[in-house]
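Inspection log for the structure reproduced underneath, given as structure tokens.
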Amino acid sequence: MYTLLDNCRLLMPDETIAPGRLVLYQDTIAAVLPADGTFEKPIETTVDLGNRLVFPSLINAHDHLYDTFWPKFGDRPYANWLEWERAFQASDIYRDRQALSITDLYGLGMFKNVLSGVGLIVDHFPHEVNATYKGRGLVSLLEHYYLAHSASPEAPAWGQGPAEEIRLSRGILPFITHCCEGAGGAIHEELDSLKRLGALGPNTILVNGIGLSDADLELVASFRSSLVFCPGSLHNRFGVIPPVAKALDLGIEIAVGTDGAVSGSVNLLEDLRLLRKWSDERFGGRLTPKDLVRMVTQIPAKFFRVDKKYGSIAPGKTANLLVFDDPKQDPFESFLALQPGDISMVIHNGALVYGEESMRRACMIDFANFSEVVVAGRPKLLYGRPLNILERIEAKLGSARVFPFLPISAP
């Protein structure tokens, strides 16, 4: 069954915007056509997008779905991740989160991501925990990776230990770890520990390295490793701005993630806006809107080794798409101003998972599994049962909770 998305403007792999048409076949982009292009096979469904923009759906380069909860925790700047984690585990917020099922926490996290246009989440957590939630219809989780929490002796024992995990990655599959997330003691020595273990290489992704010095970044660059920063989380927990400008000077590729919601991020769009604010105020406007888009599309697709499927719009790639209007008459500025209620449609694996009522005909999978919700006063369709999750949370905690990352209500 071929579906034609007609009368739209496409973000092309070279970052130009071109009028065009998209043909989808099941979960794949079958053809990218010019505005007057034709397709040789019969089209079953045609959807007029009314000159809307179509971007590839976003890649959240770092999340902990198990930590999808609110309010955010952090009453002061902490020295490092360990100090924050110990304070969090002593808090009432942690106690309430622990009362909830992992299934509901993962559900909240997936809905949070979809409402901000995300199609692929890098859930930095052991496979034995998140494997249950992979392959679901709402959003994809990165499947093939190796990991450590960090190289600190205080780190949770994820995976089989950094040395074995990096060996198993064979220098090909991503090896993901926090590194120098703060200052003090063994945390400052994590990069040296990774080097001694042979855990630095082109497939290594270092997360939230706010404690990396200029010399450390030069070492990272020499191994062609990559970085991920989570702006909202870093601002809330540590009150610092990561060394983005120096990393860019050294040619290190950088992607953007949210971290778990409880650490301070509402969604990936808010993190991009905060990073842009830092760029304008502290980096001399170093990051352009196109740079920011690239940090949540093509760059993470490349260094997580999934660029054959994700990160851009091209024939043969997975049909993961973000559709929205252009009220600013500037596609990239309109993207950076997006709110969940502004999104016209999110297509995941060729199927509508979130969007306007007017898009009901587009790529619809089993309608029985959809919810009708209101987002920012606008009626929307959302795949799954998010309101049921909110009801269960209210029952378990004894009161309704407001989650800014899930701004939905019943019609």
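Rule-based calculations on the coordinates, nothing more; no lab input. Everything numeric in this text was worked out from a predicted model, so none of it was measured. Backbone-built Cβ (ideal geometry, glycine too); neighbour counts: all protein chains shown.
Observations, loosely collected:
- Cα-based Kirkwood hydrodynamic radius, the stretch 369-411, one decimal, Å: 10.9 Å
- Here's the picture: a label point sits 7 Å out from the Cα of residue 173 along the beta-carbon direction, and within the stretch 116-138 the residues with their amide nitrogen under 11 Å of it are 127.
- Taking the charge dipole of the chain about its Cα centre, with +1 at Lys and Arg Cβ atoms and -1 at Asp and Glu Cβ atoms, the residue from 4, 260, 311 reaching farthest to the positive side is 4.
- Straight-line reach from residue 246: taking Cα to Cα under 23 Å and skipping same-chain neighbours fewer than 8 places apart, the lysines in range are 195, 277, 290, 302.
- Cα-centred dipole magnitude for the chain, charges only on beta-carbon of K, R (+1) and D, E (-1), debye, nearest 20: 340 debye
- Selection among 404, 132, 341 by position relative to the dipole of the chain gives 132 as farthest towards the positive end (Cβ unit charges, Cα centre).
- If you take the Cα centroid of the stretch 126-182 and the Cα centroid of the stretch 41-99, the two points sit 17 Å apart.
- Put a plus charge on the Cβ of each Lys and Arg, a minus charge on the Cβ of each Asp and Glu, and nothing anywhere else: the dipole of the stretch 270-330 about its Cα centre is then about 380 debye.
- Stokes-Einstein D in µm²/s, Kirkwood radius over Cα pairs - the stretch 59-303 at 10 °C with 1.306 mPa s viscosity: 89 µm²/s
- Residues residue 79 and residue 314, FRET efficiency given R0 of 45 Å [Cβ-Cβ distance, rounded to 0.05]: 0.50
- ³J(HN,Hα), Karplus 6.51/-1.76/1.60, whole Hz, each residue of the stretch 339-351, x for Gly, Pro: 10, x, x, 7, 6, 7, 6, 10, 10, 10, 6, x, 10
- Sorted ascending by nearby beta carbons within 10 Å, beginning with the fewest, 281, 218 become 281, 218.
- Cα-centred dipole magnitude for the stretch 37-149, charges only on beta-carbon of K, R (+1) and D, E (-1), debye, nearest 20: 120 debye
- Charge dipole (the stretch 74-167, unit charges on Cβ, about Cα centre) - positive-most of 103, 146, 161: 103
- Of the trypsin sites (Lys or Arg not before Pro) found in the stretch 55-136, the ones in coil according to DSSP and having at most 13 other Cβ atoms within 10 Å of their Cβ are 134.
- 3J(HN,Hα) from dihedral phi, the stretch 118-134, Karplus parametrisation 6.51/-1.76/1.60, rounded to Hz, x for glycine, proline: 8, x, 9, 10, 8, 8, 7, 7, x, 4, 5, 8, 8, 4, 4, 9, 7
- The stretch 108-155: GluC sites (Glu not before Pro) in DSSP loop, at most 16 other beta carbons within 10 Å: 143, 154
- Cα-based convex hull volume of the stretch 11-163 per residue, rounded to whole Å³: 193 Å³
- Computed [θ] at 222 nm, helices only, for the chain once each DSSP H run of length n ≥ 4 contributes -39500 (n - 2.57): -7500 deg cm²/dmol
- Ranked by how many other beta carbons lie within 10 Å on average, peptides 35-47, 180-192 from highest: 180-192, 35-47
- Taking θ as phi - 60° and the Karplus parameters 6.51, -1.76 and 1.60, the scalar couplings of the stretch 400-411 work out to 6, 10, 9, 10, x, 7, 10, x, 10, 8, 6, x Hz in sequence order, x denoting glycine and proline.
- Close amide-amide hydrogen proximity is noted between residue 146 and 175, 176, each under 5 Å apart and 5 or more residues distant or on a separate chain (H modeled in the peptide plane; Pro and chain starts excluded).
- Remark on residue 319: its backbone amide H falls under 5 Å from those of 28, 29, 349, 350, a criterion applied only to residues 5 or more positions apart or on other chains, H modelled at 1.01 Å from N.
- Part-to-part distance (alpha-carbon centres) for the stretch 277-316 and the stretch 325-378, which is given in Å: 21 Å
- Estimated D of the chain in µm² per second, where Rh is the Kirkwood radius over Cα pairs and Stokes-Einstein applies at 4 °C, 1.567 mPa s: 60 µm²/s
- Contour excess over end-to-end distance, with Cα ends at residue 245 and residue 26 and 0.36 nm allotted per residue: 74.7 nm
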